[in-house]
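The values are calculated or read from the model by the stated rules, or taken from the named source; none is laboratory data. Since the model is a prediction, treat every value here as computed from it, not as a measurement. As a convention, Cβ positions derive from the backbone with ideal geometry for all residues, glycine included, and neighbour counts pool all protein chains shown. Side chains included, ligands, DNA and RNA excluded: accessible areas come from the protein's heavy atoms. Shrake-Rupley method; radii C 1.70, N 1.55, O 1.52, S 1.80 Å.
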Amino acid sequence: MEIWPGTAYPLGATYDGSGVNFALFSEVAERVELCLVDDDGTETRLDLPETDGFVWHGHVPGMQPGQRYGYRVHGPYDPENGHRCDPSKLLLDPYAKAVEGQVDNDPSLFSYDFDDPTERNTDDSLGKTMLSVVINPYFDWGHDRPPRHEYHESVIYEAHVRGLTMTHPEIPEEVRGTYAAIAHPAVIEHLTDLGVTALELMPVHQFVQDTSLQAKGLTNYWGYNTIGFLAPHNAYARSDRGEQVTEFKAMVKALHEADIEVILDVVYNHTAEGNEMGPTICFRGIDNAAYYRLVDDAKEHYYDTTGTGNSLLMRNPHVLQLIMDSLRYWVTEMHVDGFRFDLAATLARQFHEVDKLSAFFDLIQQDPVISQVKLIAEPWDIGEGGYQVGGFPPLWTEWNGKYRDTVRDFWRGEPGSLGEFASRITGSSDLYEHSGRKPIASINFVTAHDGFTLRDLVSYNEKHNEANGEDGRDGEGHNRSWNCGVEGETEDAEVLALRARQQRNFLATLLLSQGVPMIAHGDEIGRTQGGNNNVYCQDNEISWVDWDLTEDQRDLLAFTAALTRLRREHPVFRRRRFFAGSADHGGQSELGDIAWFQPSGEPMAEDDWADGQARMMTVFLNGEAIPGPDTRGRRLVDDDFLVLFNADHEDHDFALPAKEWGERWCTEVDTAADHVEPEWHDAGSTLTVTARSVVVLRDPRETPTAASGAAGATRS
């Protein structure tokens, strides 16, 4: 087979209509073989003929999409100096846009002998490893365009491709668990009815099944074990040989048509090859010392801040290039709308410390493509100084772990939580304002994939992870949960009513807080994992959303949809800037936009915030003092709102403010009830708020809000 010199850019396998160009970076390689694998497993080896800037390259004329391939890299095997080249291992292309197959625990994948790790193992891994696939890049996007929802108008829905779709009765069985299932009208209708503007998918980059889990009959369900940063995971597609790329694009196109953005949960902090005892699948055999952080004085070991065995070397320009090329590819070619970066603090470690001025952030900031999409950090890792909530640069938003913890503490009755609760629901200015960021920097969440579901949060005090096969050692031990009096499932009507109310409390708090709300899939219908708070290995009914809904679950779904609608219709709940200060009587102050009251109706004083037993307050939101104009140049004017919080274990009377704050208030939300009928309350009157509940009251205006084009407003 003929091979021409080709070009050093772009990296990876690129089909140009007349053949395929192959390009692979390796600074340490002495020779690189391109290995073409036929359907019967026959291998044809071709030496890449040219090297430019440590990029080995060649062009194979006449080659078509669907060709399977890998590399064999000849170079030093010297672990003590950080080098682990091993031509007996067939290696994936780091830039592969499609991957075929999966790996098991076959000894041929490892460069050492299981019985004596000091001895080399040169068994050939062909037939036991994954293969890269040349793809056809052409796809009919039609009139596809990114929805480009503003952050302050966004409602994010975190979901798993399989977990969301595996039991849905309207999706054909052969489609469930795939990209096509996410694009199914039944799923899209659910998301649109719920008010979701962005679907955040758990990892869909090609990942590896952990051999330790396979030995237990379990799987890497979550997928935080990436090996292919440009390839959609093949197990989520109905076909292979590169067609998973087409299926992924069709999913994005369908979601965009429904005005829903696609955000990918990406894992650039480590790879699936693990530590020195892991397999040689890709990066390790290509240029180990370039791709991975090694221990300075013991380079046979890996420096790990992720808990997975390795960390990528973020000060190496070729690692940074791989990440940036991957991000741009997913935006420009796959049309995704943003990224959530797993363990993002690791990406900021050029050396040992977390540095917000690192090269990675510099590259993101100046990139004309990536700087314009949604960038969400999981702002921590397990290394020293790794907890960085509030510490990311202005371009970034963050999963606000302090929001999650504080809101959980408040609703379970933890003493001394009222003051911080007030800070969290108003956008966490203490975390973000100092760096010039706004409330939208805070991605607010109460639950996510990692931990209890919302229903389990109010049903279990302890984790119940026995099914994971680790004797309960895995998973977070301090969940800030409360079982409402009984551990786990119960038929006690009072306990069930309290649990339902607590779920509504969390959802109301989340969706009416300043910042960007994120709902974990299934929380809107009371999904349970039976108390398992770490279902990373459970690809079964434990982790899947059960779509066989009870009447109570349908009620919770309707309640959640009503909250997203209230948020969407009233900009007072999704301000673009932080609150400026206390509102004057009648809300006439130009800057006054918020006020705080005790249940007695008196303004909150400093001593009231310091009361460790305080669990109640009323918040006044001034609809005439919303910073504007909006993005369309219209003045933002909304109704006034009162939000009454009672996290105490007893009912309490709340005195509504005097007339100058608003004359008549209509009940919009009451978490003590499944269904709320409009009820009017006069200023100065007393309203009984049920124990552990939220009541939202609205003082409507005569003219419409800015969402309908209002230029001004007067009281009704």
Query raised in the report: What length, rounded to one decimal in nm, is gained on full extension from Asp52 through to Arg328, with 0.36 nm per residue of separation minus their alpha-carbon distance?
Result: 97.1 nm
Report summary line: For the range 269-410, Rg(Cα) over 2.2 N^0.38 Å is 1.09
**Report entry** Cα-based Rg and Dmax for the range 457-555, where Dmax is the largest Cα-Cα distance (Å)
**Finding:** 14.2, 40
Report task. Taking only the C-alpha atoms, wrap a convex hull around the range 269-324 and report its volume per residue in Å³ as a whole number. Result -> 76 Å³
Query - Relative contact order (percent, whole number), the chain, Cα cutoff 8 Å, 6+ residue spacing - result: 10 percent
Requested in this report: Compute the signed sum of charges (Lys and Arg +1, Asp and Glu -1) over the other residues within less than 12 Å, Cβ to Cβ, of Asn646.
Outcome: -2
Query raised in the report: Using Cα-only point scatterers and the Debye equation, what is log10 of I(q)/I(0) for the range 345-472 at each q in 0.09, 0.15, 0.17, 0.22 Å⁻¹, rounded to two decimals?
Result: -0.33, -0.84, -0.99, -1.28
Report summary line: Magnitude of the Cβ-charge dipole (Lys and Arg +1, Asp and Glu -1) of the range 1-93 about the Cα centre, nearest 20 debye, reported as 100 debye
Query - Theoretical gain in end-to-end length, Asp682 to Asp144 [0.36 nm per residue, Cα-Cα removed] - result: 188.6 nm
Requested in this report: Sticking with the crude label model, points 7 Å out along Cα→Cβ, report the distance from Asp104 to Thr690 in nm, one decimal please.
Outcome: 5.5 nm
Report task. Hey, can you find the accessible area per residue of the chain for me, probe 1.4 Å, expressed in square angstrom? Result -> 37 Å²
Query raised in the report: What FRET efficiency do you get for Ser239 and Thr167 if R0 is 22 Å and r is their Cβ-Cβ distance, rounded to the nearest 0.05?
Result: 0.45
Requested in this report: Treating only the Cβ atoms of Lys and Arg (+1) and Asp and Glu (-1) as charged, compute the dipole magnitude of the range 649-705 about its Cα centre; round to the nearest 20 debye.
Outcome: 180 debye
Query raised in the report: Just for the Cα atoms in the range 509-626, what are the lengths along the principal axes, largest first, rounded to whole Å?
Result: 55, 35, 27
Report summary line: SASA check, Phe361, accessible area w/ 1.4 Å probe, all protein chains in place, rounded to nearest 10 Å², comes out at 10 Å²
Query raised in the report: Where both residues lie in the chain, what percent of DSSP beta bridges are antiparallel, nearest 5?
Result: 75 percent
Query raised in the report: If you stretched the chain out fully between Asp16 and Asp123, how much longer would it get, using 0.36 nm times the residue separation minus the C-alpha to C-alpha distance?
Result: 35.0 nm
Report summary line: Rg/Rh of the range 1-60 (Cα atoms, Kirkwood Rh), to two decimals, equals 0.97
Report task. Quick one: work out the % antiparallel among DSSP beta bridges in the range 231-376, nearest 5. Result -> 30 percent
Query raised in the report: Just how large is the dipole of the range 369-525 about the Cα centre, in debye to the nearest 20, putting +1 at every Lys and Arg Cβ and -1 at every Asp and Glu Cβ?
Result: 840 debye
Query raised in the report: Which value does Rg/Rh take for the chain over its C-alpha atoms, Rh per Kirkwood?
Result: 1.01
Query raised in the report: Net charge near Thr129, counting Lys/Arg +1 and Asp/Glu -1 over other residues with Cβ under 13 Å of its Cβ?
Result: -4
Query - Sum of side-chain charges, Ser239 neighbourhood, beta-carbon under 12 Å (Lys, Arg +1; Asp, Glu -1) - result: -3
Report task. Keeping the other protein chains in place, figure out the carbon and sulfur percent of the accessible area of the chain, with a 1.4 Å probe. Result -> 46 percent
